[in-house]
1. Can you name the residue in region 111-144 that is open to solvent by 60 Å² or more (accessible area, probe 1.4 Å) and among the acidic types (Asp, Glu) and is also nearest to the chain's Cα centre (by Cα) among such residues?
2. Conditions first: (1) charged (D, E, K, R); (2) under 23 Å from Gly157 (Cβ atoms); (3) surrounded by 15 or more Cβ atoms within 10 Å (Cβ to Cβ). Arg70 passes all but one, so which condition is the exception?
3. Of all residues in region 110-139, count the ones that are in contact with a helix residue (DSSP H, G or I) (Cβ under 7 Å, 6 or more places away or on another chain) and closer than 19 Å to Tyr44 by Cβ.
4. Going by the structure shown, is Arg78 part of a loop (DSSP other than H, G, I, E, B) and either exposed (fewer than 15 other Cβ atoms within 10 Å of the Cβ) or touching a residue at least 24 places away in the same chain (Cβ under 8 Å) (or both)?
5. Has region 112-131 got at least one residue that is touching a Ser or Thr at 6+ places or on another chain (Cβ under 9 Å), within 20 Å of Asp17 (Cβ to Cβ), modelled with pLDDT of 90 or more and of a type in the set (Val, Ile, Thr)?
6. So, in region 10-61, of the ones that are of a type in the set (Ser, Thr, Tyr) and in contact (Cβ under 8 Å) with a residue 12 or more places away in the chain, which residue ends up least open to solvent (accessible area, probe 1.4 Å)?
7. Regarding Ala94, is this residue of a type in the set (Gly, Ala, Ser), modelled with pLDDT of 90 or more, under 25 Å from Ala30 (Cα atoms) and open to solvent by 20 Å² or more (accessible area, probe 1.4 Å)?
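The values are calculated or read from the model by the stated rules, or taken from the named source; none is laboratory data. In this text, all values refer to a predicted model and were calculated from it rather than measured experimentally. Here Cβ is always computed from backbone atoms with ideal geometry, including for glycine, and neighbour counts include all displayed protein chains. Ligands, DNA and RNA are excluded from the accessible area calculation, which covers all protein heavy atoms including side chains. Shrake-Rupley method; radii C 1.70, N 1.55, O 1.52, S 1.80 Å.
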Amino acid sequence: STICCSVVSTPQMMICDNIMAGTYPNLISATRELMKDKGLAGFYTGWWPGIAGKIPSYGLTWTLFEQNKRIHSSVFKRPAKDIENSIMGCMASATTVCIMIPMDTVKTRLVTQMNYPDMVAYKGINDCFRRVLKEEGVGAFYRGLTPRLLSVVPMIGIQ
């Protein structure tokens with residue numbers, strides 16, 4: 001289902017990432033320019049790293065949530081209440097974000113690298129990961145941690 005959804009979500013991600021990176025000023029401009037510059041394929045730049053990050057993220061979040069529920073059940077000897085499920089979902093998603101954000105950083109770098117024509121382009125996922133680590137250090141992978149936690153954790157807690 002993640003792969004099927006990515007057919008729609010990847011172009012949306014490309015447009016949003018490029019607007020946020022300052023490549024394009026708005027939705028109409030981003031859509032028109034991406035199509036003009038790269039054709040339909042331009043909307044799917046970053047598809048593979050996006051999928052490579054989403055599938056394990058969803059699996060890890062679900063696994064951590066189920067582990068939290070199992071622990072809760074053994075400690076309290078009752079099913080979790082709605083608010084407890086929300087808190088356990090938040091805990092699971094926060095842990096997943098902290099583990100997976102390096103992949104998200106790589107995806108974002110690959111998607112937005114066209115904004116930096118003077119930079120030597122990344123050749124792919126491995127090249128991007130290695131260069132960021134070597135040139136900027138581990139901390140570069142976690143620069144977006146706070147906004148990512150603020151966007152993902154409440155959403156998963158509500159679900």
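1. Step by step, filter region 111-144, then rank; the result is Glu136.
2. Result: Arg70 passes all but (3).
3. 7
4. Spelling it out, Arg78 is indeed part of a loop (DSSP other than H, G, I, E, B) and either exposed (fewer than 15 other Cβ atoms within 10 Å of the Cβ) or touching a residue at least 24 places away in the same chain (Cβ under 8 Å) (or both).
5. no
6. Here the residue is Thr10.
7. So Ala94 does not fit the description; no.
Table: residues versus (1) under 25 Å from Arg143 (Cα atoms); (2) in a helix (DSSP H, G or I); (3) in contact with a Phe, Trp or Tyr (Cβ under 9 Å, 6 or more places away or on another chain).
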residue: Ile55; (1), (2), (3): yes, yes, no
residue: Leu60; (1), (2), (3): yes, yes, no
residue: Ser73; (1), (2), (3): no, yes, no
residue: Met91; (1), (2), (3): yes, yes, yes
residue: Cys98; (1), (2), (3): yes, yes, yes
residue: Met119; (1), (2), (3): yes, no, no
